[in-house]
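Chemist: Mind having a look at this structure? Questions to follow.
The values are calculated or read from the model by the stated rules, or taken from the named source; none is laboratory data. Just so it is clear, the structure is predicted and the values come from calculations on it, not from any experiment. Cβ placement follows ideal geometry from the backbone for every residue including glycine, while neighbour counts extend to all protein chains displayed.
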Amino acid sequence: SQQGEEDPQALSIQEGENATMNCSYKTSINNLQWYRQNSGRGLVHLILIRSNEREKHSGRLRVTLDTSKKSSSLLITASRAADTASYFCATDGAGGTSYGKLTFGQGTILTVHP
Amino acid sequence: EAGVAQSPRYKIIEKRQSVAFWCNPISGHATLYWYQQILGQGPKLLIQFQNNGVVDDSQLPKDRFSAERLKGVDSTLKIQPAKLEDSAVYLCASSPGGAGGYTDTQYFGPGTRLTVL
């Protein structure tokens, strides 16, 4: 079953605009990760945020995590056409024998128009 | 540093045939994962290896899917016999870390796109 649910399912914006994607999950987590998948390519890791962190930055990416609401958001600032891709959140569940088992959401398809 | 290698990139087979996928993880990575990604969905973990031992195969359809990781390096995933619903992209990933209840970044290969007719 999919743990993370991304919202919106699809997002279309103009180059230079900001893009915000949201992820909700159901159970407690150790950390949450965001991945990008370009058409025809494998997934690329973007950023990892641990359960005791609230915000993290990497270049034009900003991720927030609200464990009380079981939600996370990914903000891409000043978007470029090259940011066109599917974005997935993935959660590592807390406790048990997770050992790195990630559960991915359905993804948000981002299209950035030049 | 070489990435995760997978072959073949594409495979078309008839239902009830068998197929095998190969994965070579990043050198030195202890953990290897196989995922199934159906069109329009996120990847679903099929099996996770720690060195050459299985850590999690709870979502692997064991009546038709099998996987092995010889000598803790390369891995193969086999489907026998294939069904129409097995049409998907099969992704291999690896990560450096060992057991301990924490998660490493996972590095993904390009995937094998399987079409079952």
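Chemist: Conditions first: (1) surrounded by 16 or more Cβ atoms within 10 Å (Cβ to Cβ); (2) modelled with pLDDT under 95. A:F88 passes all but one, so which condition is the exception?
Modeler: Every listed condition holds for A:F88 apart from (2).
Chemist: Out of the residues in segment B:51-88 that are among the small types (G, A, S), closer than 22 Å to A:F104 by Cβ and in contact (Cβ under 8 Å) with a residue 12 or more places away in the chain, state the one that is nearest to the other protein chains (Cβ to nearest Cβ). Steps first, please.
Modeler: If we filter segment B:51-88 for residues that are among the small types (G, A, S), which is where we start, we get B:53, B:58, B:66-67, B:72, B:75, B:82, B:87-88.
Those still in the list that are closer than 22 Å to A:F104 by Cβ too: B:58, B:67, B:75, B:87-88.
If we keep only those that are in contact (Cβ under 8 Å) with a residue 12 or more places away in the chain as well, we get B:67, B:75, B:87-88.
Values: B:A67: 15, B:S75: 16, B:S87: 16, B:A88: 13 Å.
Within segment B:51-88, the match that is nearest to the other protein chains (Cβ to nearest Cβ) is B:A88.
Chemist: Taking B:L77, is it under 19 Å from A:R41 (Cα atoms) and within 13 Å of the chain's Cα centre (by Cα)? Walk me through how you get there before you give the answer.
Modeler: Numbers: under 19 Å from A:R41 (Cα atoms): no; within 13 Å of the chain's Cα centre (by Cα): yes.
When the stated conditions are applied, B:L77 does not pass them.
Chemist: Return yes when B:L77 is part of a loop (DSSP other than H, G, I, E, B) and buried (at least 19 other Cβ atoms within 10 Å of the Cβ) and no when it is not. Reasoning before the result, please.
Modeler: Details: part of a loop (DSSP other than H, G, I, E, B): no; buried (at least 19 other Cβ atoms within 10 Å of the Cβ): yes.
No: the conditions fail for B:L77.
Chemist: Mind listing whichever residues of segment A:19-52 are away from chain B (no Cβ under 14 Å) and in a loop (DSSP other than H, G, I, E, B)?
Modeler: First pass over segment A:19-52, keeping only residues away from chain B (no Cβ under 14 Å): A:19-20, A:22, A:26-27.
A:K26, A:T27, listed by residue number.
Chemist: Turning to a different aspect of this structure: Looking at (1) over 22 Å from A:T91 (Cβ atoms); (2) within 11 Å of chain A (Cβ to nearest Cβ); (3) hydroxyl-bearing (S, T, Y); (4) surrounded by 15 or more Cβ atoms within 10 Å (Cβ to Cβ), can you tell me which one B:Y10 breaks?
Modeler: (4)
Chemist: Now, a different point. Consider B:A2 against the criteria (1) exposed (fewer than 15 other Cβ atoms within 10 Å of the Cβ); (2) among the hydrophobic types (A, V, I, L, M, F, W, C); (3) assigned to a strand (DSSP E or B): it satisfies all of them except one. Which criterion is unmet?
Modeler: (3)
Chemist: Now for a different question. Just for segment A:1-25: of the residues that are within 18 Å of B:K44 (Cα to Cα) and at pLDDT below 90, which one is surrounded by the fewest Cβ atoms within 10 Å (Cβ to Cβ)?
Modeler: Checking each candidate, the answer is A:S1.
Chemist: Report, by residue number, each residue of segment B:29-50 that is in a loop (DSSP other than H, G, I, E, B), surrounded by 15 or more Cβ atoms within 10 Å (Cβ to Cβ) and either more than 8 Å from chain A (Cβ to nearest Cβ) or of a type in the set (S, T, Y) (or both).
Modeler: Kept after step one, since they are in a loop (DSSP other than H, G, I, E, B), are these residues of segment B:29-50: B:29-30, B:38-43.
Keeping just the survivors that are surrounded by 15 or more Cβ atoms within 10 Å (Cβ to Cβ) gives B:29-30, B:41-43.
Passing the criteria: B:H29, B:A30.
Chemist: Filter segment B:80-109 down to residues that are part of a loop (DSSP other than H, G, I, E, B) and either touching a Leu at 6+ places or on another chain (Cβ under 8 Å) or at pLDDT 95 or above (or both), then give me how many there are. Even if it seems obvious, please write down each step before you answer.
Modeler: Going residue by residue through segment B:80-109, those that are part of a loop (DSSP other than H, G, I, E, B) are B:80-83, B:87, B:96-106, B:109.
With the extra rule that they be either touching a Leu at 6+ places or on another chain (Cβ under 8 Å) or at pLDDT 95 or above (or both), the set shrinks to B:80-83, B:87, B:103, B:105-106, B:109.
The qualifying residues number 9.
Chemist: Next question, about the same structure. Any residue at all in segment B:54-61 that's in contact with a strand residue (DSSP E or B) (Cβ under 9 Å, 6 or more places away or on another chain), among the charged types (D, E, K, R) and surrounded by fewer than 19 Cβ atoms within 10 Å (Cβ to Cβ)? First the steps, then the outcome.
Modeler: The initial filter retains those residues of segment B:54-61 that are in contact with a strand residue (DSSP E or B) (Cβ under 9 Å, 6 or more places away or on another chain), namely B:54-61.
Still in the list and also among the charged types (D, E, K, R): B:56-57.
Still in the running and surrounded by fewer than 19 Cβ atoms within 10 Å (Cβ to Cβ): B:56-57.
Yes: segment B:54-61 contains one or more residues that are in contact with a strand residue (DSSP E or B) (Cβ under 9 Å, 6 or more places away or on another chain), among the charged types (D, E, K, R) and surrounded by fewer than 19 Cβ atoms within 10 Å (Cβ to Cβ).
Chemist: Additional query: When the residues of segment B:3-28 are narrowed to those that are at pLDDT 95 or above and of a type in the set (S, T, N, Q), which ends up farthest from B:P110 (Cα to Cα)?
Modeler: Checking each candidate, the answer is B:Q17.
Chemist: Within segment A:64-86, does at least one residue satisfy the condition of being outside any strand (DSSP E or B), of a type in the set (G, A, S) and within 27 Å of B:S58 (Cα to Cα)? Show your work before the answer.
Modeler: At the first step, the residues of segment A:64-86 found to be outside any strand (DSSP E or B) are A:67-70, A:77-84.
When the remaining residues are screened for being of a type in the set (G, A, S), the result is A:68, A:78-79, A:81-82.
Narrowing the set further to residues that are within 27 Å of B:S58 (Cα to Cα) leaves none.
Taking every residue of segment A:64-86 in turn, none turns out to be outside any strand (DSSP E or B), of a type in the set (G, A, S) and within 27 Å of B:S58 (Cα to Cα).
Chemist: Scan segment A:66-96 residue by residue and report those that are touching a strand residue (DSSP E or B) at 6+ places or on another chain (Cβ under 9 Å) and within 14 Å of chain B (Cβ to nearest Cβ). Outline the logic, then answer.
Modeler: Here is the first cut: in segment A:66-96, the residues touching a strand residue (DSSP E or B) at 6+ places or on another chain (Cβ under 9 Å) are A:66-67, A:69-77, A:79-95.
Hits for segment A:66-96 are A:A85, A:S86, A:Y87, A:F88, A:C89, A:A90, A:T91, A:D92, A:G93, A:A94, A:G95.
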